[in-house]
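The values are calculated or read from the model by the stated rules, or taken from the named source; none is laboratory data. In this text the structure is predicted, and so the values were computed from the model without any measurement. No Cβ is skipped: glycine too gets one built from the backbone with ideal geometry, and neighbour counts run over all protein chains shown. Each accessible area value is taken on the protein alone, full model and side chains, heavy atoms only, with ligands, DNA and RNA left out. Shrake-Rupley method; radii C 1.70, N 1.55, O 1.52, S 1.80 Å.
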Amino acid sequence: MSSAALPIPVGVEKSELGYVMRKLPHVTLLFWVLKIVAVTLGETAGDLLGITFKIGYVLTALIFLGFFLVVVVAQVRTRRFHSALFWTVILGTSMVGTEISDFLNRGFGHGSAQHGIGYVWGAVILTAILGTVFAAWWRTGQTYDVENIASRKGEILYWIAILVSNTLGTSSGDWLSDDTGLGFRNAFFVIAAIMVLIVAAHYLTTINTMVLFWLAF
């Protein structure tokens, strides 16, 4: 992908002019395929350490948090788009998000028993946090257009929203498959149907593209 300079967006200071370039990928079908693969791998890695190896949710979260901070700092500091680095950060948000969700919903330990606040309250809290992130994002005046984020502040907000979104996705998926009695297979079909509806809304309605992007994410 090209790292050609973009027009200076509203809210970008002159001191940030050297930073103004495209560093995030276009949202295409390949983007969504890679996103699904990355978050699936991230959740599998989280379950491997936290549950299979019985390390526990807290220690696993700390390990993955360290990994995430290293790669996200590298991503923010780089001056052009690196696909491998970008998707490594996405993977990191999924790994950390899985452990945060499991700890929040299930509590300490490494099993599937619920000793935390439960999936419903976990989803409520994470939804509230995500809403707060978007409100703060709006207050900064940075663009919501994820294809044209061109400032360091905007990119940091983007990654915070990605992290919370992936955590919420894990929590919501667990709730749908466990608490509703649907099981993994039926929950998959429900989520797939929702994704189809979002795609249809993108092509057949005038709903804001960024609203649909974050719903899909």
(message) So, in the range 176-190, how many residues would count as being in contact with a helix residue (DSSP H, G or I) (Cβ under 7 Å, 6 or more places away or on another chain) and surrounded by fewer than 20 Cβ atoms within 10 Å (Cβ to Cβ)?
(response) 8
(message) Please determine whether any residue of the range 71-81 is more than 25 Å from Ala216 (Cα to Cα), open to solvent by 40 Å² or more (accessible area, probe 1.4 Å) and at pLDDT below 90.
(response) yes
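Only one residue in Ala216, Ala161, Ala150 is touching a Pro at 6+ places or on another chain (Cβ under 6 Å) and closer than 21 Å to Pro25 by Cα. Which one?
Values: Ala216 fails: touching a Pro at 6+ places or on another chain (Cβ under 6 Å); Ala161 fails: touching a Pro at 6+ places or on another chain (Cβ under 6 Å).
Selected residue: Ala150, the only one of Ala216, Ala161, Ala150 that is touching a Pro at 6+ places or on another chain (Cβ under 6 Å) and closer than 21 Å to Pro25 by Cα.
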(message) Restricting to the range 191-217, name every residue that is open to solvent by less than 40 Å² (accessible area, probe 1.4 Å) and under 19 Å from Asp145 (Cβ atoms).
(response) Ile198, Ala201, Met210, Leu212, Phe213, Trp214, Ala216, Phe217
(request) Within the range 1-58, count every residue that is open to solvent by 60 Å² or more (accessible area, probe 1.4 Å), assigned to a loop (DSSP other than H, G, I, E, B) and modelled with pLDDT under 80. (result) 7
(request) Go through the residues of the range 113-133 one by one and say whether even a single one is open to solvent by less than 40 Å² (accessible area, probe 1.4 Å), of a type in the set (Val, Ile, Thr) and in contact (Cβ under 8 Å) with a residue 24 or more places away in the chain. (result) yes
